[in-house]
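Structure first, then comments.
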Amino acid sequence: MSNKLTVSLSPHVHSGDSVSKNMYGVLIALLPAMICSFVFFGIGAILVTAVSVASCVFFEWAINKYLLKNPQSTICDGSAILTGVLLAFNVPSNLPLWIVILGALFAIGVVKMTFGGLGCNLFNPALAGRAFLLISFPVQMTTWPNPGLGFMTIADASIEGQTGATPLALMKQGQAVDMDFWDMLIGKMGGSLGEVCALALLLGFVYMLVRKIITWHIPVSILATVAVCAALLHWANPAYATPTTHLFSGGLMLGAIFMATDYVTSPMSKKGQIIYGVAIGFLTIVIRTWGAYPEGMSFAILIMNAFVPLINTYCKPKRFGEVVKK
Amino acid sequence: MKTFRIGGVHPAENKLSAAEPIKVAELPKVAVFPLSQHIGAPAKAIVQKGDKVKVGTMIAEAGGFVSAPIFSSVSGTVLKVDTVIDASGYAKPAIYITVEGDEWEAGIDRSKDLVTLKDRRELTSDEIKEKIKNAGIVGMGGACFPTHVKLSPPPGSKPEWIIINAVECEPYLTADHRLMLEHADEILVGVTLLMKAMNVGKAYIGIENNKPDAIELMKSKTMKFIHEGDIEIVPLKVKYPQGGEKQLIDAVVGRQVPAPPALPVSVGAILQNVGTAFAVYEAVMKNKPLFERIVTVTGKSLAHPSNFLVRMGTPMSQLIDACGGMPEDTGKLIGGGPMMGKALINAEVPICKGSSGVLLMNEQEAKRAEAQPCIRCAKCVSACPMGLEPFLLSKLAEVHDWERLEKEDVVSCIECGSCQFTCPSHRPLLDYVRLGKSTVLGIIHARKAKA
């Protein structure tokens, strides 16, 4: 009897949490937005998502097996699937599929695996993939189909090479944005396939908070900063878009809830997370207002990704005993 | 509801034996007393092979100020002074006594009558401390720090409160819970004795609210002792590691003890375990030295998880047999609770002063899942009750960066295991942090010795 007793150090129990539970938890949280994208953008959205996920998983498996020759595979933990879904969410639903595959190769192959795979990458793979595609294929990446209910995919009528009818593009062109609040909430506007329905994304946010997959710190600090900055600018110049328009347009919700909260590429301490969130919010407004691109969310997050090691070095959690009295 | 401010986790409580009244365990055939049952210098044996001893006879004297004497829990003959493998896994010097009958030392009051301070007005603070010291009492929560040392705070410090730890935040364990339900009066008298010894007028008893019956019972009885001092029952939100000394002070009075070497008394608190309060009552009022304690014997596969009043020196195997025997699927045997207890190499380890529980885990529970890469989710940072960064400390220990580990306050780690418990990647965080902490402590000691 005694020779089969395990002797190990405490703790002897575990919460039962796992990497895959967290990854699949995020995927469940993404489901409402995914369903919305399928409804709004039809078969195009389904194809882009399927191809993106399949190629992300394939590239991770292949690189792990043939290039790194690593016997321990991480494809079952759901992280590659998650990157695939997020990459798809960040591109237009009518993007040629070969471009999607190229984006997946960059996201997984360059941004994730070259740094050492799961947990080691400096930048958010899906966002870096999107940025790569945006720079390489500006035309295809900014030709938005209008969402149409009932699987009716209508390519945007605007001239190729110009941004379509996204509220942010209109803002950039100095046009008045006259969007109905409810249309923006539900997602009746142009945009990448997963970013348009704020309601579905917020539903996912609540789910992740309840499941304790993420905490409120990063999303709330981003959204609050954007709202405050936009309110100030709108107050200074009433022609400037309202905070509501900023909050519900572009990739802000998707970025704040699902991209900036990526475990690997966000700071570890609560203090650091708030600094990171505020900086992303601020950069987003700066790029949206004065930058060359209409949308600043993904660049803001990527820029702040680069600062995460620095934030981690200088933002320590409050040690016990630092506050002696209440 | 009150609780500590930083970190914490909530493991499944699994208090299987909470409704089991305390049973008196049978006497062992041979009782084994390791000489090192406390923090500090080991006790020195004062008996030899062939000596006759009674229940309550001192068999080893304190080996210094930070030490405690050891008393026989049985009557019989000293079989040998040899070694035994104790909970640490190492062979340690121990006294073996063959049990013959059950004859007690004459001075011990074995009656059940409650003796309160009202009956013993003449007791002085120093007398109480002296009796506690001479009875070999150590912290009964598991740390086993000699109680009289805790009651001798450094000159200049000013104790304001006694805080009684009745939290029992370890899953599975119910020894303190049962003790409160069955000996509430004795515990409260013990608390009044501690208050008198330290000359403070206020005591708090912190109890987690998963023991509502104990909170109610203790609350209903505190008024009885109002003339001896103000005892307040503080219900606490269930959160691990609330029973940690620093966490409990923060939870109860909202003050945080600074980093080591600061002691709890630096913020005005003297902490004692509820079992210690009971032992103090017995030592001072009943003249009974510390030789028995309440032990929870539990586990999901065990037929009858139970709470026992156990004579020290009894082998754990005997208690397991009394609960229906060692289950076939046992994969791990733990002395203490699942969060901070020690895995034992066999069931012959004797019950000592700090043995609060014996936990049997089945083969499946006993195995750790395979570690995966750190995904930097920061759950360990959120869980750490000391405000440390376990992911960083463990990584630094892996690469032997002792200098940086010291800067990152690794010595503040209380080894509660919340980080490893919560890690989704199943990383052995605390294993590495322990390595880092002990190495850094060694470096600090060496530096001090040099200076």
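Rule-based calculations on the coordinates, nothing more; no lab input. Since the structure is predicted, the reported quantities are computational estimates derived from the model, not experimental observations. Every residue, glycine among them, receives a Cβ derived from its backbone with ideal geometry; neighbour counts consider all protein chains shown.
Of the listed requirements (1) facing chain B (nearest Cβ under 10 Å); (2) closer than 14 Å to residue A:222 by Cα; (3) buried (at least 19 other Cβ atoms within 10 Å of the Cβ), residue A:320 misses just one: (2). With respect to the stated conditions, residue B:194 fails to be buried (at least 24 other Cβ atoms within 10 Å of the Cβ), more than 27 Å from residue B:265 (Cα to Cα) and in contact (Cβ under 8 Å) with a residue 60 or more places away in the chain.
Selection of the range B:302-339 for residues being away from every other protein chain (no Cβ under 11 Å) and of a type in the set (Ser, Thr, Tyr) yields B:306, B:314.
Of all residues in the range B:321-355, those satisfying the criterion of being of a type outside the set (Gly, Ala, Ser), out of contact with any Phe, Trp or Tyr (no Cβ under 8 Å at 6 or more places or on another chain), buried (at least 21 other Cβ atoms within 10 Å of the Cβ) and outside any loop (DSSP other than H, G, I, E, B) are B:330, B:332, B:333, B:334. No other residue among A:250, A:204, A:191 is buried (at least 20 other Cβ atoms within 10 Å of the Cβ), part of a helix (DSSP H, G or I) and of a type outside the set (A, V, I, L, M) apart from A:204.
Scanning the range B:370-418 for residues that are charged (D, E, K, R), within 18 Å of residue B:6 (Cβ to Cβ) and not in a helix (DSSP H, G or I) returns B:389, B:408, B:409, B:415. Would it be correct to say that residue B:435 is within 12 Å of chain A (Cβ to nearest Cβ), surrounded by fewer than 21 Cβ atoms within 10 Å (Cβ to Cβ), within 26 Å of the chain's Cα centre (by Cα) and not in a loop (DSSP other than H, G, I, E, B)? It is true that residue B:435 is within 12 Å of chain A (Cβ to nearest Cβ), surrounded by fewer than 21 Cβ atoms within 10 Å (Cβ to Cβ), within 26 Å of the chain's Cα centre (by Cα) and not in a loop (DSSP other than H, G, I, E, B). Please enumerate the residues belonging to the range B:385-418 that are among the acidic types (Asp, Glu), within 7 Å of chain A (Cβ to nearest Cβ) and more than 25 Å from residue A:77 (Cβ to Cβ). Result: B:409, single match. The single condition among (1) of a type in the set (A, V, I, L, M); (2) closer than 29 Å to residue A:72 by Cβ; (3) more than 13 Å from chain A (Cβ to nearest Cβ) that residue B:440 does not satisfy is (2). Tell me, yes or no, whether the range A:60-76 has at least one residue that is touching a Lys or Arg at 6+ places or on another chain (Cβ under 9 Å), more than 28 Å from residue A:189 (Cα to Cα), within 12 Å of chain B (Cβ to nearest Cβ) and in a helix (DSSP H, G or I). Checked against the condition, which is being touching a Lys or Arg at 6+ places or on another chain (Cβ under 9 Å), more than 28 Å from residue A:189 (Cα to Cα), within 12 Å of chain B (Cβ to nearest Cβ) and in a helix (DSSP H, G or I), the range A:60-76 yields no hits at all. All of (1) touching an Asp or Glu at 6+ places or on another chain (Cβ under 7 Å); (2) in a loop (DSSP other than H, G, I, E, B) hold for residue A:80 with one exception: (2). Per the conditions (1) surrounded by fewer than 21 Cβ atoms within 10 Å (Cβ to Cβ); (2) within 10 Å of chain B (Cβ to nearest Cβ); (3) part of a helix (DSSP H, G or I); (4) not aromatic (Phe, Trp, Tyr), the sole criterion not satisfied by residue A:272 is (1).
Filter the range B:340-361 for residues that are among the polar types (S, T, N, Q) and either within 17 Å of the chain's Cα centre (by Cα) or more than 10 Å from chain A (Cβ to nearest Cβ) (or both) and give the result.
Passing the criteria: B:355, B:356.
Checking every residue in the range A:177-196 against the condition of being within 14 Å of another protein chain (Cβ to nearest Cβ) and of a type outside the set (A, V, I, L, M, F, W, C) gives zero matches. Of the listed requirements (1) outside any loop (DSSP other than H, G, I, E, B); (2) within 14 Å of chain B (Cβ to nearest Cβ), residue A:280 misses just one: (2).
Among the residues of the range B:419-432, those that are part of a helix (DSSP H, G or I) and at the interface with chain A (Cβ under 8 Å from one of its Cβ atoms) comprise B:420, B:421, B:422, B:430, B:431. Pairing each residue of the range B:369-384 that is at the interface with chain A (Cβ under 7 Å from one of its Cβ atoms) and surrounded by fewer than 24 Cβ atoms within 10 Å (Cβ to Cβ) with any residue that is among the aromatic types (Phe, Trp, Tyr) and in a helix (DSSP H, G or I), provided the two are 6+ apart or on different chains, yields C-beta distances under 6 Å for B:374/B:391. Do we have residue A:53 as away from every other protein chain (no Cβ under 14 Å) and crowded, with 24+ Cβ neighbours inside 10 Å here? Judged against the criteria, residue A:53 is not a match.
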